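Report on the structure given below.
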Amino acid sequence: MLFIYNLLTIIASGIVKIAALFSPKMKLFVEGRTIVFETLSQKITPTDKVIWFHAASLGEYEQGLPVMQKVKALYPGHKILVSFFSPSGYEVRKNTKDANVVVYLPLDTLANAEKFIALAHPDLVFFIKYEFWPNYLNELRKNNIPTYLISGMFREKQVFFKWYGGFYRDALKAFSHFFVQYESSKKLLQNIGFTNATISGDTRYDRVSEILERDNNLPFIEEFINEKITVVFGSSWPKDEAMFTDYINSSVGTKFIIAPHTFGESHIADLQKSISKPTVLFSDKDGKNLADYDVLIINTVGLLTKIYSYADVAYVGGGFGTAGLHNILEPAAFGVPVIIGPNHQKFPEAVALVHMGGCIAVKAKQEMEDALSLLIHNDDSRWETGHIAGTFVSMNRGAVGIIINHIANEAGI
């Protein structure tokens with residue numbers, strides 16, 4: 001099976017190169033990997049001490065960041081290497097100050113795994129949530145390099161738990177310890193013979209809790225809000241926006257901030273056309289009296305987390321499509337009541353928060369409008385829902401401490 005996997009990986013490499021001719025994202029995926037080994041050779045010397053973190057994309061990076069920061073403080077003499085699989089992670093965080101070296105992870109061929117690990121020669125490795133690459137894991141195991149999975153999640157349908165998944169199960173032997181989010185993941189691992197697992201919870205709760213301690217002030221948002229009830233639509237897709245633009249147009253006395261997931265010119269133009277209220281773009285805000293506008297569209301990146309701190313109500317996008325629900329924990333951390341779409345069952349934090357009453361899941365446009373009206377106009381409902389959301393985040397903190405205590409006692413580097 002491993003031979004077939006390696007053959008398919010080589011074939012996939014060729015297909016990806018062809019796809020790069022037609023897709024800007026795939027072009028980044030391919031071209032970014034052409035300089036990986038050169039970058040490692042230039043930035044990591046044979047005598048350097050290295051700790052390697054691997055994340056699939058930006059979300060996993062943010063999930064692992066609080067562990068990375070603690071590990072960096074624990075081992076100040078080590079260089080931090082971060083690898084990404086996806087351009088959406090690498091392109092946003094390639095210049096992060098939290099790492100010394102940031103690269104794409106080359107495709108999981110035997111040759112790539114051997115060369116990457118030889119050049120990086122890490123003393124300690126962390127994979128975040130998932131991304132189980134057999135050749136890389138087998139190479140780490142062969143070199144006796146301590147390797148940890150943090151915020152891990154396993155599901156019964158994964159290949160590890162199938163009769164034909166033997167070579168994938170063998171790859172899991174590379175992990176010195178599994179830090180998993182839920183009891184169900186621990187039981188699945190136990191069923192296939194792995195007892196080296198701890199239920200640590202999700203490091204994202206620690207990550208989002210840290211935002212409460214930052215300076216989240218945005219004077220232009222304060223000017224725009226002008227002390228009025230404010231709804232923030234975060235990471236919205238067109239399918240989400242189709243559910244709430246009519247409500248915006250019919251509302252009175254409420255401010256709305258929209259931070260779309262994508263903000264290409266054509267999409268922003270379409271969004272503006274669908275809104276009849278006075279609307280201003282972030283990119284055009286200078287020199288304007290922002291209090292005169294009812295809708296602010298954020299056509300840039302990096303501000304949404306701070307903007308959530310000003311929200312009275314938040315809608316988090318992704319739940320009306322198939323791309324996946326975006327991060328509901330950021331607004332929840334600020335004690336903001338959250339509304340989401342129906343496609344959230346694969347996100348345990350969303351399922352739990354809906355069950356507790358800190359989040360409202362809606363299935364259709366009318367339900368969306370009813371939820372917005374309830375939370376905007378009923379102070380008690382808004383306060384109670386937001387209080388549950390904030391408490392939920394606070395109660396689930398602590399994963400980072402569990403992981404760091406274990407590493408400090410057992411890593412021995």
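The values are calculated or read from the model by the stated rules, or taken from the named source; none is laboratory data. In this text, all values refer to a predicted model and were calculated from it rather than measured experimentally. Reconstructed Cβ throughout: ideal geometry from the backbone, glycine too, with neighbour counts over all protein chains shown. Only protein heavy atoms, including side chains, enter the accessible area calculation; ligands, DNA and RNA are left aside. Shrake-Rupley method; radii C 1.70, N 1.55, O 1.52, S 1.80 Å.
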| query | From the set of residues in the range 365-377 that are over 18 Å from residue 232 (Cβ atoms) and without any contact (Cβ under 8 Å) to a residue 40 or more places away in the chain, which is most open to solvent (accessible area, probe 1.4 Å)? | reply | 366
| note | The helices (runs of 4 or more DSSP H) lying entirely within the range 314-383 that contain at least 1 residues which are among the basic types (Lys, Arg) and touching a Phe, Trp or Tyr at 6+ places or on another chain (Cβ under 9 Å) are 365-377
| request: Determine which single condition residue 217 fails, assuming it passes every other condition in (1) farther than 30 Å from residue 141 by Cβ; (2) modelled with pLDDT of 95 or more; (3) open to solvent by 70 Å² or more (accessible area, probe 1.4 Å); (4) not in a loop (DSSP other than H, G, I, E, B). | output: (4)
| message | Yes or no: the range 40-52 includes at least one residue that is within 30 Å of residue 326 (Cβ to Cβ), in contact (Cβ under 8 Å) with a residue 24 or more places away in the chain and assigned to a strand (DSSP E or B). | response | yes
| query | Can you find a residue in the range 12-26 that is under 22 Å from residue 400 (Cβ atoms) and of a type in the set (Val, Ile, Thr)? | reply | no
| request: Write out, first by first residue and then by second, each pair whose Cβ atoms fall under 7 Å of each other, whose residues are 6+ apart or on separate chains, and whose first residue, in the range 16-38, is in a loop (DSSP other than H, G, I, E, B) while the second is at pLDDT 80 or above. | output: 20/26; 20/27; 20/29
| field | Filter pass, residue 139 being among the acidic types (Asp, Glu) and under 14 Å from the mean Cα position of the chain (by Cα) | value | no
| Residue check for residue 88: open to solvent by 20 Å² or more (accessible area, probe 1.4 Å), in contact (Cβ under 8 Å) with a residue 24 or more places away in the chain and touching a Pro at 6+ places or on another chain (Cβ under 6 Å) | no
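Among the residues of the range 392-405, what is the count of those that are open to solvent by less than 50 Å² (accessible area, probe 1.4 Å) and within 18 Å of residue 211 (Cα to Cα)?
Counting residues in the range 392-405 that are open to solvent by less than 50 Å² (accessible area, probe 1.4 Å) and within 18 Å of residue 211 (Cα to Cα) gives 6.
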| query | Filtering the range 38-62 down to residues that are under 25 Å from the mean Cα position of the chain (by Cα) and charged (D, E, K, R), which residue is most open to solvent (accessible area, probe 1.4 Å)? | reply | 62
| said: I'd like to check something: does the range 98-107 contain any residue that is under 18 Å from residue 175 (Cα atoms) and open to solvent by less than 10 Å² (accessible area, probe 1.4 Å)? | reply: no
| message | I'd like the residue in the range 109-136 that is at pLDDT 95 or above and of a type in the set (Asp, Glu) and, out of all such residues, is farthest from the chain's Cα centre (by Cα). | response | 114
| remark: Those residues of the range 351-364 that are within 17 Å of residue 329 (Cα to Cα) and surrounded by 16 or more Cβ atoms within 10 Å (Cβ to Cβ) come to a total of 6
| Qualifying position, being touching an Asp or Glu at 6+ places or on another chain (Cβ under 8 Å) and among the hydroxyl-bearing types (Ser, Thr, Tyr), among 254, 300, 262, 322 | 254
| Is at least one residue of the range 239-247 part of a loop (DSSP other than H, G, I, E, B), open to solvent by 10 Å² or more (accessible area, probe 1.4 Å) and more than 27 Å from residue 394 (Cα to Cα)? | no
| remark: Those residues of the range 125-155 which are surrounded by 22 or more Cβ atoms within 10 Å (Cβ to Cβ) and aliphatic (A, V, I, L, M) amount to 125, 128, 137, 140, 149, 150
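Looking at the structure I just gave you, is residue 389 farther than 25 Å from residue 221 by Cα, modelled with pLDDT of 95 or more and assigned to a helix (DSSP H, G or I)?
Answer is no for this residue.
May I ask you to verify whether residue 65 is under 25 Å from the mean Cα position of the chain (by Cα) and either assigned to a helix (DSSP H, G or I) or farther than 28 Å from residue 398 by Cα (or both)?
When the stated conditions are applied, residue 65 passes them.
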| Would you pick out the residues in the range 206-258 that are over 14 Å from residue 305 (Cα atoms) and aromatic (Phe, Trp, Tyr)? | 220, 224, 237, 244, 247, 256
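When you go through 407, 388 one by one, which is the residue that is among the hydrophobic types (A, V, I, L, M, F, W, C) and touching a residue at least 60 places away in the same chain (Cβ under 8 Å)?
407
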| note | Reported set for the range 161-205 where residues are assigned to a loop (DSSP other than H, G, I, E, B), more than 21 Å from residue 63 (Cα to Cα) and at pLDDT 95 or above is 192, 193, 194, 195, 196
